[in-house]
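The values are calculated or read from the model by the stated rules, or taken from the named source; none is laboratory data. It should be emphasised that the depicted structure is a prediction, and the values quoted were computed from it without experimental measurement. Note: ideal-geometry Cβ built from the backbone for every residue, glycine included; neighbour counts use all protein chains shown. Surface areas here come from the heavy atoms of the whole protein model, side chains and all, with no ligands, DNA or RNA. Shrake-Rupley method; radii C 1.70, N 1.55, O 1.52, S 1.80 Å.
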Amino acid sequence: MLTKGKITTLLSALAICGAASGNLAVDAQNAQKIGGVELKTVLDKYPKVKELEENLKAEEDRLHKMIERSNKDFQVAKKNKKSDAELKALQKELQGKIDQEVNNYQKKLLAKDKMLKDELFAAIKAEAKAKNLDTVLEKSVILVGGTDITDAVVQRIAQSYEKSDSKATK
């Protein structure tokens, strides 16, 4: 929470920056063109994200069921009065299978996360290039100015998704 002292310090810093920027002559040819994008909005409107979330939820459910089955198998073995050595071997086997599946899940998750980020950044870069922007920032950090490219990025990603989806259905 901002205290009165912090607010005063912040306002003083802004005033100093404003005064300093007023004294600087900015050459129009050297001015940076800045764009802003709301990543949350882009991700919320990207159909591939929703698909991925559904697939990951299904995979998590599958893993939970596997763990439950393993626990049930172990309890059955215990009820059948298996020896400690057999129980340890069974536990090690079941745990090994679970660990392998969780490892595979994590690898898939990382690969899909990378794919989404690559697609998102490619769309942002393409839009920045199309609008001759030098820099694109998360819109929330831009206080004044800048060109909002959120809708254009959403549109690019939607078009890209439709193209890839139509190729997949052919």
Based on this model, can you work out whether LEU87 counts as in contact with a Leu (Cβ under 9 Å, 6 or more places away or on another chain), modelled with pLDDT under 90 and not charged (D, E, K, R)?
no
Looking only at region 90-108, and only at residues there that are open to solvent by less than 60 Å² (accessible area, probe 1.4 Å) and over 28 Å from the mean Cα position of the chain (by Cα), the one that is farthest from ASN55 (Cα to Cα)
LEU90
Residue among LYS92, LYS81 that is more than 30 Å from ALA158 (Cβ to Cβ) and either in contact with a strand residue (DSSP E or B) (Cβ under 7 Å, 6 or more places away or on another chain) or not in a helix (DSSP H, G or I) (or both):
LYS81
Pairs where the first residue, in region 115-131, is within 13 Å of VAL42 (Cβ to Cβ) and the second is open to solvent by less than 50 Å² (accessible area, probe 1.4 Å) and not hydrophobic (A, V, I, L, M, F, W, C), C-beta under 9 Å, 6+ apart:
LEU116/TYR46; LEU116/LYS48; GLU119/TYR46; GLU119/LYS48; GLU119/TYR161; LEU120/TYR46; ILE124/GLY35; GLU127/GLY35
Apart from one, (1) at pLDDT 90 or above; (2) not in a helix (DSSP H, G or I) all hold for LEU143; the odd one out is (1)
